[in-house]
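A.B. asks: Pasting a structure below so you can have a look.
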Amino acid sequence: SPEVVSTESTANAYRGVIAVDHFGTIHIAWKDKSDYQGIGTNWHICYKNKPKDGNWTTTDLVSTESSGNCGCPSLAVDTNNTVHVTWADDSEIYNSGDDEDIFYRSRLKNGYWTDYELVSTDSTTDSLEPSIDVDSENTVYIAWEEMVDTTMAHNRYNIIYKQKKQGDLWLPSENVSTQSTGQSV
């Protein structure tokens, strides 16, 4: 039977993303306009999980530091059952500017959320629609679309990629759509 996941939500909830770990626990993240924990009614990123044969947890607010609008969540779960979440956010966190940037947090299996990380550190324009994955060695990979200056008469979207090995810093961003002459989204 259908189940309502965003049971504490008092406003619109959109863009749900899902991953299942090797124990059968379901992990879901979404964007929500509810005023969770008094943070305001801007769009925020929320998270819940449901262990196999268990019940849904209460909603965790992932984007706790955001004062703007968040969107485009993506999540993955690694072999240590760490949940990795990325999203776009127009807040000016970590001197990111007033454009949309890509942020990242992870949730350890003990339920503790790590600190915010700004992923799109080289960006000076909008970075949107992140996608995340984790390999068997727990290396995190994030790709997103970003408006990049070109020699064309106007700017165009490109696909940008970044990775981070467990416990390391993010490697430099790479533009993987350099051979494209049109928009890459």
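The values are calculated or read from the model by the stated rules, or taken from the named source; none is laboratory data. If you're wondering where the values come from, they're calculated on a predicted model, not measured in any experiment. Positions of Cβ are backbone-derived with ideal geometry, glycine not excepted, and every protein chain shown enters the neighbour counts. SASA here: full protein model, heavy atoms, side chains in, ligands and nucleic acids out. Shrake-Rupley method; radii C 1.70, N 1.55, O 1.52, S 1.80 Å.
A.B. asks: Taking segment 32-56 as the region of interest, how many residues are modelled with pLDDT of 90 or more, among the polar types (S, T, N, Q) and exposed (fewer than 13 other Cβ atoms within 10 Å of the Cβ)?
C.D. replies: Total meeting the criteria: 1.
A.B. asks: Within the set of pairs 6+ apart or on separate chains, which have a first residue in segment 124-141 that is among the hydrophobic types (A, V, I, L, M, F, W, C), a second that is assigned to a loop (DSSP other than H, G, I, E, B), and C-beta atoms under 7 Å apart?
C.D. replies: Between residues of segment 124-141 that are among the hydrophobic types (A, V, I, L, M, F, W, C) and residues that are assigned to a loop (DSSP other than H, G, I, E, B), the close pairs are LEU128/GLU100; VAL134/ASP78.
A.B. asks: Oh, and also: Of all the residues that make up segment 73-92, how many are farther than 21 Å from LEU108 by Cβ and open to solvent by less than 20 Å² (accessible area, probe 1.4 Å)?
C.D. replies: 3
A.B. asks: If you don't mind, there's one more thing I want to ask. Taking only segment 167-185 into account, find how many residues are open to solvent by 60 Å² or more (accessible area, probe 1.4 Å), more than 14 Å from LEU128 (Cα to Cα) and in contact (Cβ under 8 Å) with a residue 40 or more places away in the chain.
C.D. replies: Result for segment 167-185: 1.
A.B. asks: Taking the condition of being basic (Lys, Arg) and touching a Gly at 6+ places or on another chain (Cβ under 8 Å), how many residues in segment 21-39 meet it?
C.D. replies: Of the residues in segment 21-39, 1 are basic (Lys, Arg) and touching a Gly at 6+ places or on another chain (Cβ under 8 Å).
A.B. asks: Looking only at segment 77-112, which residues are within 19 Å of LEU169 (Cβ to Cβ) and outside any loop (DSSP other than H, G, I, E, B)?
C.D. replies: HIS84, VAL85, THR86, ILE93, TYR94, ASN95, ASP101, ILE102, PHE103, TYR104, ARG105, SER106
A.B. asks: Still on this structure, please answer the following. In segment 62-71, what count of residues is obtained for those that are modelled with pLDDT of 95 or more and open to solvent by 10 Å² or more (accessible area, probe 1.4 Å)?
C.D. replies: 0
A.B. asks: Regarding LEU171, is this residue outside any loop (DSSP other than H, G, I, E, B) and either modelled with pLDDT of 95 or more or among the hydrophobic types (A, V, I, L, M, F, W, C) (or both)?
C.D. replies: No.
A.B. asks: Shifting gears a bit: So which residues in segment 55-73 are touching a Phe, Trp or Tyr at 6+ places or on another chain (Cβ under 6 Å), assigned to a loop (DSSP other than H, G, I, E, B) and within 15 Å of SER6 (Cβ to Cβ)?
C.D. replies: The answer is VAL62, and nothing else.
A.B. asks: Same structure again: Hey, LYS162 hits all of (1) over 27 Å from ASP32 (Cβ atoms); (2) modelled with pLDDT of 90 or more; (3) charged (D, E, K, R); (4) buried (at least 16 other Cβ atoms within 10 Å of the Cβ) but one; which does it fall short on?
C.D. replies: Of (1) over 27 Å from ASP32 (Cβ atoms); (2) modelled with pLDDT of 90 or more; (3) charged (D, E, K, R); (4) buried (at least 16 other Cβ atoms within 10 Å of the Cβ), only one is false for LYS162: (1).
A.B. asks: Can you give me the number of residues within segment 121-159 that are farther than 25 Å from GLY16 by Cβ and either exposed (fewer than 15 other Cβ atoms within 10 Å of the Cβ) or modelled with pLDDT of 95 or more (or both)?
C.D. replies: Residues that pass the stated criteria total 12.
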